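The block underneath contains the structure these notes are about, expressed in structure tokens.
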Amino acid sequence: MLRRTSLTQQPDGRVKANTYSDRWDIHGYMEDRSCDWIQGIRRYYESTGDAALRELLKPVVLQTKWFLAHRTIHGLVNARKWVVLGNPMGYQNCEGAGLNAFVFKALIDAAYLGNVIGEKQQANELNIEASQLKHAFNTYLWDKEKGTYYAGHFENDSIGKQSLLSRKLNLTIQNGNVEPTFHAALFPNRSHEVPC
């Protein structure tokens, strides 16, 4: 499955979410699932000690480059938010807490894999990118007043309100920041190293 996913990689670096079909609808590519794929490769190695999947580092790095190409002036990734049942911010394109936490973890996992197979320079570069994302995450998405993360950040309130209304979401937005949600607090903790 891990190899099959890598074979779906597109020229821009993205891998398909549905490797068993040719469909390219809204779920043909899912940002969060590609992070799960990278985490799955690390888990496979940790469980088996089998470094035979070394050929997957190149597709992993290409996928991480797609994320890094979608950073904003804040240093955060602007892409579609984690699509999971109950997440009010699912499908929103913004600098989302959940997605950035998953991308952070993907960078850490990719760096780990690089170290395991001896690609130390590549691993170091990925660790630097992870560190920069972590800093941006805690600088721009941390709600000091509430002691948790904003659900996401939009370029401005007008764009954010329009996007939220299009999905009938009743979330407040101020200075581009969407109010904290359960998912915005949960996903960074799942990434282990992101929270302040």
Legend entry - Qualifying positions in the range 151-196 - outside any loop (DSSP other than H, G, I, E, B), of a type in the set (D, E, K, R) and either under 16 Å from residue 86 (Cβ atoms) or modelled with pLDDT under 80 (or both): 190
Inset, instruction - Would you be able to tell me the number of residues in the range 158-178 that are under 20 Å from residue 139 (Cβ atoms) and touching a strand residue (DSSP E or B) at 6+ places or on another chain (Cβ under 7 Å)? - result: 4
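Would you mind finding the one in 125, 155, 129 that is under 30 Å from residue 38 (Cα atoms) and touching a Leu at 6+ places or on another chain (Cβ under 8 Å)? Steps first, please.
Working: 125 fails: touching a Leu at 6+ places or on another chain (Cβ under 8 Å); 155 fails: touching a Leu at 6+ places or on another chain (Cβ under 8 Å).
None of the others qualify; the one that does is 129.
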Legend entry - Matching residues, the range 69-89, being crowded, with 18+ Cβ neighbours inside 10 Å and either touching a Lys or Arg at 6+ places or on another chain (Cβ under 9 Å) or closer than 23 Å to residue 112 by Cβ (or both): 71, 75, 76, 77, 78, 79, 82, 83, 87, 88, 89
Inset, instruction - Being among the acidic types (Asp, Glu) and outside any loop (DSSP other than H, G, I, E, B) is the filter; apply it to the range 21-43 and report the residue that is farthest from residue 91 (Cα to Cα). - result: 36
Legend entry - Residues being free of Cβ contacts under 8 Å to residues at least 60 places away in the same chain and either surrounded by 17 or more Cβ atoms within 10 Å (Cβ to Cβ) or of a type in the set (Phe, Trp, Tyr) (or both) - total across the range 9-35: 11
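Give the number of residues within the range 108-142 that are in contact with a strand residue (DSSP E or B) (Cβ under 7 Å, 6 or more places away or on another chain) and surrounded by fewer than 22 Cβ atoms within 10 Å (Cβ to Cβ). Give the steps one after another, and end with the answer.
We begin by selecting, within the range 108-142, every residue in contact with a strand residue (DSSP E or B) (Cβ under 7 Å, 6 or more places away or on another chain); these are 140-142.
Going one step further and asking which of them are surrounded by fewer than 22 Cβ atoms within 10 Å (Cβ to Cβ), we end up with 140, 142.
Final tally of qualifying residues: 2.
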Legend entry - Matching residues, the range 64-100, being closer than 21 Å to residue 167 by Cβ and of a type in the set (A, V, I, L, M, F, W, C): 76, 77, 79, 82, 83, 84, 85, 89, 94, 97, 99
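The values are calculated or read from the model by the stated rules, or taken from the named source; none is laboratory data. None of the values given here were measured: they were computed from a predicted structure. Every residue, glycine among them, receives a Cβ derived from its backbone with ideal geometry; neighbour counts consider all protein chains shown.
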